[in-house]
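Novice: Here it is: the structure, laid out below.
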Amino acid sequence: MWIPRLRTRSRPVPVVLAVTVCLSVAIAVGVVFAAGRAGPDRTTASADRYTEIAAVAAAVLPPAGPDASTGSLTVACGRNERGHRNADNLVVAPGVVGGAHHTHDYVGNVSANALSTNGSLATAATTCAGGDRSTYYWPVLRRLDRPGTDVHAVGGGADGNTGAIVTPSSVRVEFRGNPVSKVVAMPRFLRLVTGDAVAATAGDAHVRAQWGCSGYPERFTTTYTRCPQGSGPTRTFDFPSCWNGLATDSPDHRAHVVFPAVNGVCPQGTFPVPQLRVTLTYDDLPHGTRYAVDSFPEQRRDPKTDHAFFINVMTDRRMASLVRCVNEARRCHAK
């Protein structure tokens, strides 16, 4: 049988080049995707990620005026000893299981997840003293010298969040007053957010990250902190406290409750409510251990993306008691 001879003097080179280019592009795209989605440890050791706490100045607090509400109520909610964690975000992505693409720690309401409703939250058990069924949550912190147990899970290694999750040594939940006026009650099921989970790519407009060290009160930075021997990293979440008096949520989850001015004055058309501060302390983290907060893959665990959420599930009676305590300048503890 006669087999025609293929002409190979002019065609093969372009074909080979085209195939080579296509393969190179495919490999490059795969590498970029892998690095952004599930790289081993996306926290670099660059100097701009860490700050010595001794170099951080203490914040200057506004003085209390004659009509200030200077009391506070502390709620003991534990430190998530039960390991209530998931990759959901009930405030931003209700109904979307795994929608956070990073893992959240919870205290308070033990049922909180993407499928929760106001009704289910109102009837669930809680870790908080006095029956406060509110939910408080934030991204987990991980130590980078140990592997995590969720290396293949959504929110964990599948989203590039590597390392062993660290349970805080303490969690302080405190509601405070306003330095210039009395406060009014929060409505039930009010949603609050502080910080910005996409700050690394969206800019600093909503950054509220406050990293510090135990034993150094009111010293905060937006970078990870290096603490001296005997001190551990802290994360302090100050929530907005000027409510528009109408809504329990808004499309961006921010417009209905905003932050006061530096002097504590709320913008026109808003009313001061008790200001929530949650402080996490990690004194059990061995000195010098590298750590990182969970984040969306593209945020690469940037410390300024730290953020937290709150849903008020207190009864009206309990909220009224909180408001009286704060407005009467008392120091109260939920019972």
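Novice: How big is segment 69-220 in terms of Cα radius of gyration and Dmax, in angstroms?
Specialist: Over segment 69-220's Cα set, Rg and Dmax evaluate to 16.7, 50 Å.
Novice: Through the Karplus equation 6.51 cos²θ - 1.76 cosθ + 1.60, θ set to phi - 60°, convert the phi angles of segment 283-300 into ³J(HN,Hα) values in whole Hz; use x for Gly and Pro.
Specialist: Values, residue by residue: 5, 7, 6, x, 4, x, 6, 6, 9, 7, 8, 5, 8, 4, x, 6, 7, 6 Hz.
Novice: Please check the chain for the longest run free of GluC sites (Glu not before Pro) that are loop-located per DSSP (anything but H, G, I, E, B) and have at most 13 other Cβ atoms within 10 Å.
Specialist: Working: sites that count: Glu81, Glu218, Glu328.
Value returned for the longest uninterrupted segment is 82-217.
Novice: Convex hull over the Cα atoms of segment 129-199, averaged projected area in nm²? Let's see the in-between values first.
Specialist: Numbers: hull surface 32.1 nm².
Projected area, direction-averaged: 8.0 nm².
Novice: Under the definition of Cα pairs under 8 Å and six or more residues apart, what whole-number percent is the relative contact order of the chain?
Specialist: Answer for the chain is 26 percent.
Novice: Taking 0.36 nm per intervening residue step and subtracting the Cα-Cα distance, what contour gain separates Val110 from Ala124 on full extension?
Specialist: 4.4 nm is the gain from fully extending Val110 to Ala124.
Novice: Have a look at the DSSP beta bridges in segment 43-333 and tell me what percent are antiparallel, nearest 5.
Specialist: In segment 43-333, DSSP labels about 90 percent of beta bridges as antiparallel.
Novice: Given points 7 Å out from each Cα along the Cα-Cβ axis, report the His253 to Ala57 separation in nanometres with one decimal.
Specialist: 3.3 nm
Novice: Can you give the Kirkwood hydrodynamic radius for segment 43-333, in Å, rounded to one decimal and based on Cα pairs? Walk me through the numbers before you get to the answer.
Specialist: Numbers: mean 1/r = 0.0518 Å⁻¹.
Mean inverse Cα-Cα distance, inverted, gives 19.3 Å.
Novice: Take the Cβ-Cβ distance between Asp204 and Lys335 as r, set R0 to 51 Å, and report the resulting FRET efficiency rounded to the nearest 0.05.
Specialist: 0.80
Novice: Taking the Cα centre of segment 218-335 as origin, sum charge times position over the Cβ atoms of Lys and Arg (+1) and Asp and Glu (-1), and report the length of that vector in debye to the nearest 20.
Specialist: Details: 15 positive and 12 negative charges, 73 e Å.
For this selection, approximately 360 debye.
Novice: Where the centre of each part is set by its Cα atoms, how far does segment 280-296 sit from segment 176-206, in angstrom?
Specialist: 24 Å
Novice: Above 24 angstrom, tally the Cα pairs of segment 174-308 and express them as a % of all pairs, no decimals.
Specialist: 37 percent
Novice: Here is a further query. Which angle from 0 to 90°, rounded to the nearest 10, does the C-alpha axis of helix 12-38 make with the longest principal axis of the chain?
Specialist: 20 degrees
Novice: Mind checking the full-extension length gain between Thr315 and Tyr50? Use 0.36 nm per residue of separation minus the Cα-Cα distance, one decimal, nm.
Specialist: 91.3 nm
Novice: What is the sum of charges, Lys and Arg at +1 and Asp and Glu at -1, for the other residues whose Cβ falls under 9 Å from the Cβ of Pro286?
Specialist: Within the 9 Å Cβ shell, the charges total -1.
Novice: Sticking with this structure for a sec: By count of other Cβ within 10 Å, fewest leading, how are Asp132, Asp238, Asp48 ordered?
Specialist: Asp48, Asp238, Asp132
Novice: To the nearest 10 degrees, how steeply does helix 316-327 sit against the main Cα axis of the chain, on a 0 to 90 scale?
Specialist: With rounding to tens, the tilt is 70 degrees.
Novice: Here is a follow-up. Show the residues, 5+ positions off or on another chain, whose built amide H is closer than 5 Å to the amide H of Gly148.
Specialist: For Gly148, the qualifying residues are Gly163, Ala164.
Readers should treat all values here as calculations from the given coordinates under stated rules, not as data from a laboratory. Everything numeric in this text was worked out from a predicted model, so none of it was measured. Virtual Cβ from ideal backbone geometry, glycine too; neighbours counted across all protein chains shown.
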